[in-house]
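Step one of this worksheet: look at the structure below.
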Amino acid sequence: MVTQCCKCKKVRVRGAWHIPAAPLPGAVSHTYCPACFLETQVEFFSHSASRAGCAGAQRAARVLFAAYG
Ligand SMILES: [Zn+2]
């Protein structure tokens, strides 16, 4: 089974993420690649912070940027 990132559509091959050269054959399982996982976490925290005016969420977003950005 092929594992594909649901956001950027890259596929995981032996632990590395690549843009597929051809349409994917057979069953496909979806997840996030590490870059899109981080991006989604940051979007989530940023969105939460702007909606609720929550200083804790803003701080968490900054920590994520610092750790992975
Ligand atoms: Zn991705």
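Based on DSSP H segments of at least four residues, each scored -39500 (n - 2.57), the chain has a per-residue ellipticity at 222 nm of -16000 deg cm²/dmol. Between helix 34-52 and the chain there is an angle of about 30 degrees, using the helix long axis and the longest principal axis of the Cα atoms.
For the range 2-68, divide the Cα radius of gyration by the Kirkwood radius and give the resulting Rg/Rh value with two decimals. Radius of gyration over Kirkwood radius for the range 2-68 works out to 1.14.
Compute the signed sum of charges (Lys and Arg +1, Asp and Glu -1) over the other residues within less than 13 Å, Cβ to Cβ, of A49.
Counting the neighbours of A49, the net charge comes to +2.
Roughly what % of DSSP beta bridges within the range 2-68 run antiparallel, to the nearest 5?
Numbers: 5 of 9 bridges.
Percentage antiparallel, nearest 5: 55.
Tilt of helix 55-68 relative to the longest C-alpha principal axis of the chain, in degrees (0 to 90, nearest 10)? Helix 55-68 sits roughly 40 degrees off the main axis of the chain.
Every number in this text was worked out from the coordinates using simple rules, so none of it is lab data. Every value quoted in this text rests on a predicted model; they were computed, and no experiment measured them. Cβ sites come from the backbone with ideal geometry, for glycine too, and all protein chains shown count toward neighbours.
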